[in-house]
1. Check off (1) under 21 Å from Asp211 (Cβ atoms); (2) touching a Phe, Trp or Tyr at 6+ places or on another chain (Cβ under 7 Å) for Ile142 and give me the number that stays unchecked.
2. For region 153-206, what are the residues that are among the hydrophobic types (A, V, I, L, M, F, W, C), assigned to a loop (DSSP other than H, G, I, E, B) and more than 27 Å from Gln220 (Cβ to Cβ)?
3. Test Glu103 against the stated conditions and say whether it is touching a residue at least 60 places away in the same chain (Cβ under 8 Å) and closer than 23 Å to Val73 by Cβ.
4. Restricting to region 118-142, what's the tally of residues that are of a type in the set (Asp, Glu) and open to solvent by 100 Å² or more (accessible area, probe 1.4 Å)?
5. Do we find that Gly165 is away from the ligand (no atom under 13 Å from the Cβ) and within 16 Å of Ala242 (Cα to Cα) in this structure?
6. Could you tell me whether region 242-262 includes any residue that is over 15 Å from the mean Cα position of the chain (by Cα) and in contact (Cβ under 8 Å) with a residue 60 or more places away in the chain?
7. Which residues, taken from region 121-136, are polar (S, T, N, Q) and touching a helix residue (DSSP H, G or I) at 6+ places or on another chain (Cβ under 8 Å)?
8. Being among the aliphatic types (A, V, I, L, M) and touching a Lys or Arg at 6+ places or on another chain (Cβ under 8 Å) is the requirement here; does Val54 meet it?
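The values are calculated or read from the model by the stated rules, or taken from the named source; none is laboratory data. What you see is a predicted model; the values in this text were computed from it and never measured. Cβ coordinates were reconstructed from backbone atoms using ideal geometry, including for glycine residues, and neighbour counts include every protein chain displayed. Protein only, heavy atoms only, side chains kept; ligands, DNA and RNA dropped before computing areas. Shrake-Rupley method; radii C 1.70, N 1.55, O 1.52, S 1.80 Å.
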Amino acid sequence: MNVLANDGISNSGIKALEQAGFSVSTTTVAQEQLINHINQKDISVLLVRSATKVRKDLIDACSGLKIIGRGGVGMDNIDVEYARSKGIHVINTPAASSHSVAELVFAHLFGGVRFLYDSNRNMPLDGDTKFKALKKNYAKGIELKGKTLGIIGFGRIGQETAKIGIGVGMNVIASDMYVDEVNLELEFFDGQKAKFNIKTIPMNDLLKQSDFISLHVPAQNDYIIDKAQFDLMKDGVGLVNAARGGVVNEVELVKALENGKVAFAGLDTFESEPTPAIQVLMNGRISLSPHIGAATNEAQDRIGVELAIQIKDLLLVDKS
Ligand SMILES: NC(=O)c1ccc[n+]([C@@H]2O[C@H](COP(=O)([O-])OP(=O)(O)OC[C@H]3O[C@@H](n4cnc5c(N)ncnc54)[C@H](O)[C@@H]3O)[C@@H](O)[C@H]2O)c1
């Protein structure tokens, strides 16, 4: 059976599929040639990330397709329900990148409490002439240890973020619209394990108590963090959004950064991707990354392997 990984797949994923007897192509076929290619090459499994679109026209034209797989979480680029109504399996790998996103949250937090977002901008400009002045500017850092981390959205990534926070010695609190309590298990290098039970609290309580807030909710119709929510926060809070643009009102965020309510923000996702607002990009108190939360080699490896396992399972079931 032939697999086309049109947006690429990790070597470990290719290996797992080939060992199971699949033939894997990683040629990137242009969108307008995809239907012909799938039919000519007798492709049964089409794997994509976010670039390739799998719409009704393709689904209708490629009757040989058995599985559409998305390496990653969001499936906005696939007509999922339509494909399923035609008997095609649609799969993704929602958990593969959770830990990677959680580590990026901490990259923003660790950088935030020591002003790295600013010193990385200023050291190349003034580091050789104003070293002592810069040293003074960045002298009043704080530690994360002992501070309260508020996690909004306590699903896969929220829980991975909580584990790192606990490991760092933070007081972790969480809020979730649907989850009441979670049992977390932390695993250490020597095989020891430690268990923690966290009961979620109302969001307004979390906003009032947190020294740092990290968002891990799915895309929403309305802002989760708007003026009213900023008003509830402690003065000098740090805020990270590695969830989705549109979860935080960026205009209100910039105001809150300017009036000192928010000390710094870490943004991996933006309201207007891929052209974030210039007021956000140029704000000296924002630590910026271009939606790279899931983009680690380890996550890509896990995505490939998770896809391979699901494909083997599904096609094995289909044959029986
Ligand atoms: N930065 C990146 O590169 C990157 C990578 C992967 C995922 N993400 C994003 O991270 C987010 C979380 O992903 P996940 O895998 O943890 O999802 P998940 O579904 O496991 O968890 C989301 C949680 O949010 C809760 N929730 C939903 N609406 C809520 C609301 N209004 N208030 C409070 N809680 C609410 C849900 O009950 C759920 O527990 C998603 O938006 C996803 O798109 C970002």
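1. Here Ile142 meets the rest and fails (2).
2. As a first pass, look at region 153-206 and keep what is among the hydrophobic types (A, V, I, L, M, F, W, C): 154, 157, 162, 164, 166, 168, 170, 172-174, 177, 179, 182, 184, 186, 188-189, 194, 196, 198, 201, 203, 206.
Pick out the ones that are also assigned to a loop (DSSP other than H, G, I, E, B) and you get 154, 170, 177, 179, 188-189, 201.
Selection gives Phe188, Phe189.
3. It is true that Glu103 is touching a residue at least 60 places away in the same chain (Cβ under 8 Å) and closer than 23 Å to Val73 by Cβ.
4. Selection size over region 118-142: 1.
5. Values: away from the ligand (no atom under 13 Å from the Cβ): yes; within 16 Å of Ala242 (Cα to Cα): yes.
Spelling it out, Gly165 is indeed away from the ligand (no atom under 13 Å from the Cβ) and within 16 Å of Ala242 (Cα to Cα).
6. No; the residues of region 242-262 include none that is over 15 Å from the mean Cα position of the chain (by Cα) and in contact (Cβ under 8 Å) with a residue 60 or more places away in the chain.
7. Residues of region 121-136 polar (S, T, N, Q): 122, 129.
Across region 121-136, the qualifying residue is only Asn122.
8. Numbers: among the aliphatic types (A, V, I, L, M): yes; touching a Lys or Arg at 6+ places or on another chain (Cβ under 8 Å): no.
Considered against the rule, which asks whether it is among the aliphatic types (A, V, I, L, M) and touching a Lys or Arg at 6+ places or on another chain (Cβ under 8 Å), Val54 comes out as no.
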